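The values are calculated or read from the model by the stated rules, or taken from the named source; none is laboratory data. Not measured: the values here are computed from a predicted model. In this analysis, Cβ positions are derived from the backbone assuming ideal geometry, glycine residues included, and neighbour counts consider all displayed protein chains. Just so you know, the surface numbers come from the protein's heavy atoms only, side chains and all, with ligands and any DNA or RNA stripped out. Shrake-Rupley method; radii C 1.70, N 1.55, O 1.52, S 1.80 Å.
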Amino acid sequence: MKPNLSAFIAFLLPLFSFSQEKAEMGLDERINAWFEPITAVWEGIVFWQVPGTGIPLVVIILVLGAVFFTLYFGFVNIRRFPLAINVVRGKYDSVESPEGHGVEKAEVNIVDGDLPDTIRDESKQGEVSHFQALATAVSGTVGLGNIAGVALAIAIGGPGATFWMIVCGLLSMSTKFVECTLGVKYRDVDENGTVYGGPMYYLSRGLKERGFTGLGKVLAVVFSVLCVGASFGGGNAVQSNQAAEQLSAMMGLEGGSSGFFIGVVLAIVVGIVIIGGIKRIASVTEKIVPFMAVIYALACLAVIFANFSYIDDAFVLIFKGAFTPEAGLGGLFGVLIVGFRRAVFSNEAGAGSAAIAHSAVKTKYPASEGIVALLEPFIDTVVICTMTALVIIFYNSGGVFEYGGDGAGNVIVDGASLGGVTLTSLAFESVLPWFPYVLTLAVVLFAVSTMISWSYYGLQSWKYLFGRSKTADLTYKLLFVIFVVIGASASMGAVFAFSDAMILALVFPNMLGLLFLFPKVREEMTKYLDAIKAMKK
């Protein structure tokens, strides 16, 4: 099965057709005019609301699934939290077999929101200290979902959206435990020792094992198609969009074709890495990004401590806003949905993408990686996203803007429509005047590193669909680079709407598979806990 390039070229042709009306539009406006209708249709499908409730079906599935896993596994997100810390510390490394599953070397690929050192190579037992693990956790989870996504949530849903982000983060810990355990259990290892894993493998293999071969194949294909789309959206377009917005703001470039040309530059950089295979740039990025993440976290703490006397008032706003949101924000369910959308976009629990990364771990017990993975939503959403939210709430303590915004994810500040990373930048600037320059560098680095990482996830899904040939490989990478430019040119509202819809669409096939396979997770959990008990004797 070969990629249909002619169909995709026909899909892009409207971008390059000319008319008098389009001649008067800048490149950014033309791309956005083409992109917004597509986004609107797809968003309407994914966020279909259950009649009489006003709540999207995908949110109901996500919440009920997370609650079920939390209860079924005995509040694994809370009870096993200390165990997760100890596993990351290397306390139970002696339980692991050096041979693992016969994988001599597993190449780890990291996506925004995942902890690099939780995807552990067991051949390096005891190498990760308690401090290193926690430091890596803080640095590895900071990305544009935490910077721009939280600003979008606060702009639309007010402070109350923060409460629901936290709730979603806590519940998501259980879901991530389940999907990452299954990711390791059902992964595929080729003759060269290369690991292929993720929902497409546990959906096809796991459901076949349960006697649902046809359903498993269908769900695996559906997931793969949606994951390719998610890589173009959340893992690509959002990143280039927010990087272009921040660069445009810092350089005083507005309107016209600035986003397009910034997108072209970003596309060239990303293309050099993923198409040309130059690993040195990627390795440099991997070293710089954790450093920038630590700087970002410290800046958040600086703003929080500068407003220390207002912390209690901020949390009162968060709690009150969660249950009695201000007029115009869509009511209780409206602010809840905004909070959950942003949290899932940030930590990806329930979407299954993290399982692709964790499948590469070298371990004998799949549950060991599932246990460690549950730390990610806590650090990413409960801690880092809350810190960003507090920074923005502090900034607005004097009524700089009205919550609810303009309906497109922006708020009005001094007559200008601002949102996403630009709003976050202003919030930091109010306390740290020099920080927007550092934030600009951080945003670009986060964006590029995330795009490079997500290209791997999309590529794995693409290869599952079209085979592991060089033609399939190159085709995907060229399409990925095109979406870098589209994302930088389109409006923030359209890009986030498309990306939310693509990532949350993954919930449908993934959660259905998890509901069939969760008993296998209990079996793996029992094996791992028994091994730990035996070690202690």
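Please give the per residue accessible area of region 428-537, computed with a probe of 1.4 Å over protein heavy atoms only, in Å². Don't skip to the end; give the middle numbers.
Details: 3850 Å² over 110 residues.
Ligands and nucleic acids excluded, the result is 35 Å² per residue.
Give the value in nm², to one decimal: projected area of the alpha carbon convex hull of region 141-184, averaged over all directions.
Details: hull surface 14.5 nm².
So the mean shadow area of the Cα hull is 3.6 nm².
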*Cα centroid distance between region 418-484 and region 519-535, in Å?*
37 Å
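For region 458-537, what number results from the quotient of the Cα radius of gyration and 2.2 N^0.38 Å?
Numbers: Rg = 20.2 Å, N = 80, 2.2 N^0.38 = 11.6 Å.
Ratio of Rg to 2.2 N^0.38 Å for region 458-537: 1.73.
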*chymotrypsin sites (Phe, Trp or Tyr not before Pro), restricted to region 417-499: which are DSSP loop and have at most 13 other Cβ atoms within 10 Å?*
434
*Over every pair of different alpha-carbon atoms in region 400-520, take the mean of 1/r and invert it; report that Kirkwood radius in Å.*
17.7 Å
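Where does the charge balance sit around residue 395 when Lys and Arg score +1, Asp and Glu -1, over other residues with C-beta under 14 Å from its C-beta?
On the way: positive: none; negative: 313, 402, 414, 429.
Around residue 395, the charge tally is -4.
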_Leaving out ligands and nucleic acids, and using a 1.4 Å probe, what accessible area per residue does region 148-227 come to in Å²?_
28 Å²
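For region 378-460, report the % of Cα-Cα distances exceeding 16 Å. Could the numbers behind the result be given before it?
On the way: 2117 of 3403 pairs.
Percent of Cα pairs beyond 16 Å in region 378-460: 62.
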*Entries in 91/208; 208/470; 185/527; 176/527 that, when Cα-Cα distance is taken, lie over 24 Å*: 91/208; 208/470
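In region 473-537, what percent of the accessible surface is made up of carbon and sulfur (1.4 Å probe, ligands and nucleic acids excluded)? Present the calculation step by step, with values, prior to reporting the outcome.
Numbers: 1420 of 2130 Å².
Of the solvent-accessible surface of region 473-537, carbon and sulfur hold 67 percent.
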